[in-house]
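Notes to accompany the following structure.
The values are calculated or read from the model by the stated rules, or taken from the named source; none is laboratory data. Keep in mind it's a predicted model, so treat the numbers as computed, not measured. As a convention, Cβ positions derive from the backbone with ideal geometry for all residues, glycine included, and neighbour counts pool all protein chains shown. With ligands, DNA and RNA removed, areas are computed over all heavy atoms of the protein, side chains included. Shrake-Rupley method; radii C 1.70, N 1.55, O 1.52, S 1.80 Å.
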Amino acid sequence: MGQNVLITGAAGYIGGSVLAEFVSRTSGSIPTAKINAAVRSEDQVQSLSGLGVNVIQLDLSEEADVLETILRNDIDIVLLASDAKALTGSQSSVTTLFSEEGGWIYGEVRDTDSIFEKEKELGESHPVRQTNIVVVEEASRQGVASYNLAIPTVSDGRGSGECRKLSVSIPQYVRTSIKHKTVYRFDKDGVSSSATLVGGKSQCTNTNQSPPAAHISDLTALYALLVEKIIQQEPFPSGKNGYYFAMAHRAPWWDVMDGIAKSLHARGLVDEDRVQVWQSDKMAAEYLGFPELYVRAMGTSTGELVPVNANRLGWEPKWDKERFLESIDDEVQAVLELDTVKATVFDALKTPSA
Ligand SMILES: NC(=O)c1ccc[n+]([C@@H]2O[C@H](COP(=O)([O-])OP(=O)(O)OC[C@H]3O[C@@H](n4cnc5c(N)ncnc54)[C@H](OP(=O)(O)O)[C@@H]3O)[C@@H](O)[C@H]2O)c1
């Protein structure tokens, strides 16, 4: 019998694109599954109603409703592409957690390392890390396999879902630049510092690194690969070992900002094609509307992440740094064309105590 798959956040950028990818599949195991898509509002239910999937209106913060939905629809696989604090379950987490700015103190990290144990050592300092821990522990308690996809902050490209088609970071830089007629960047670009013990003394080394990145089409391909393998019951790392760095390449922020400046200036939307530097993190947070606590991590963090697990699964990203940098003008064009749905992804992070 086919498996029942539930995609949460199906009106969002990633969840909507994953849903579109699953619906478009004609071969492999995914077409044998029944796809359920969870969205928050009645309008979103309407938008997804023509896709031939079971669309469910569900507030993920209502635990009893979530449980009832899973039992009623006999769900086998849940794919969480919603707000990290909205639900504890399988995770779309974020690569910044493994950078110095995101509180990671261990330097280079492979997704095959004992990450869970290190996350436990770091404690509940970050809401997304907190969710990572809860997901593994709760899934283990329930006898459910869990997988954690760490998504790069630079996730780019036009989404293929029915509702929100824009990602978070680059579109927000574009909107902010247009609003202030100036493109800003942070004072730091792609240098990752790490302390190592050499001859009993701590030595600081700087490595040239840029933030991890992945195109939305490569991300949806990875989600599909994972679900294919789950349906086929192939053994692969899960639970405490089930971390997957969904990183295809690295994206040099300053080059990205230069590209945005040129593209917006050519359209007459900023005053100069030169990029200015934020005077402070506070200014960046205010202008961008990102939580001040995380704005530097989002705008500068690099992290010495080494992806292994996704490649072992057979993930072969089609996008690399060069192709990404050549697409910056289209990233700008996408914002001008598709910016119709308000972003809500930081609502929970802006009120950490809520
Ligand atoms: N995009 C990126 O660059 C990126 C990078 C790293 C990690 N991530 C993580 O990946 C996940 C998905 O990101 P995204 O870019 O696809 O975000 P998104 O476009 O904002 O999608 C998230 C979806 O979750 C829904 N949602 C939030 N809270 C909910 C609740 N209580 N009940 C029901 N639905 C709820 C939102 O509903 P509404 O449409 O009603 O707001 C939205 O449709 C997030 O956890 C994000 O932190 C994203």
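Separation of the stretch 109-140 and the stretch 279-326 by C-alpha centroid, Å?
Cα centroid of the stretch 109-140 versus Cα centroid of the stretch 279-326: 19 Å apart.
Among 67-74, 50-57, 11-18, what's the highest-first ranking by average C-beta atoms within 10 angstrom per residue?
The most tightly packed comes first, giving 11-18, 50-57, 67-74.
Dipole of the chain (Lys/Arg Cβ +1, Asp/Glu Cβ -1, origin at the Cα centre): which of A38, V277, Y147 lies farthest to the positive side?
V277
Using only helices, what value at 222 nm comes out for the chain when you add -39,500 (n - 2.57) per DSSP H run of length 4 or more and divide by the total residues, to the nearest 500 deg cm²/dmol?
-11500 deg cm²/dmol
Counting only heavy atoms of the protein chains, get the accessible area per residue of the stretch 1-157 (1.4 Å probe) and round it to a whole Å² value.
Using a 1.4 Å probe on heavy atoms only, each residue of the stretch 1-157 averages 44 Å².
Multiply the residue separation of D187 and K318 by 0.36 nm, subtract the distance between their alpha-carbon atoms, and state the gained length in nm to one decimal.
Once the chain is fully extended between D187 and K318, it gains 44.1 nm.
Modelled label-to-label distance, E42 and E124, 7 Å Cα→beta-carbon offset: nm?
Placing both labels 7 Å along Cα→Cβ, they lie 3.7 nm apart.
Whole-Hz Karplus ³J(HN,Hα) for the stretch 233-249, in order, using 6.51 cos²θ - 1.76 cosθ + 1.60 and θ = phi - 60°, x for Gly and Pro?
6, 6, x, 7, x, 9, x, 4, 9, x, 9, 10, 6, 7, 10, 9, 6
Once you have a ≥ b ≥ c as the square roots of the Cα gyration tensor eigenvalues for the stretch 2-135, tell me rounded if a/c is under 1.5, and otherwise prolate or oblate according to whether a/b is larger than b/c.
Prolate, since a/c reaches 1.5 and a/b exceeds b/c.
Report the calculated FRET efficiency for K34 and K282 (r = Cβ-Cβ distance, R0 = 45 Å), to the nearest 0.05. Mind showing how you got there, number by number?
Values: r = 48 Å, r/R0 = 1.08.
That gives a FRET efficiency of 0.40.
As a test question: what accessible area, to the nearest 10 Å², does K318 have when a 1.4 Å probe is rolled over all protein chains in place?
Answer for K318: close to 150 Å² accessible.
For I133 paired with Q333, estimate the spin-label separation in nm (one decimal), with each label point 7 Å from Cα along the Cα-to-Cβ line.
4.6 nm
Would you please put 102-109, 279-286 in order of how densely packed they are, using the mean number of other Cβ atoms within 10 angstrom per residue and starting with the highest?
102-109, 279-286
Could you calculate the FRET efficiency of V144 with Y106 from 1/(1 + (r/R0)^6), where r is the beta carbon distance between them and R0 is 22 Å, rounded to 0.05?
Values: r = 28 Å, r/R0 = 1.26.
For R0 = 22 Å, the calculated efficiency reads 0.20.
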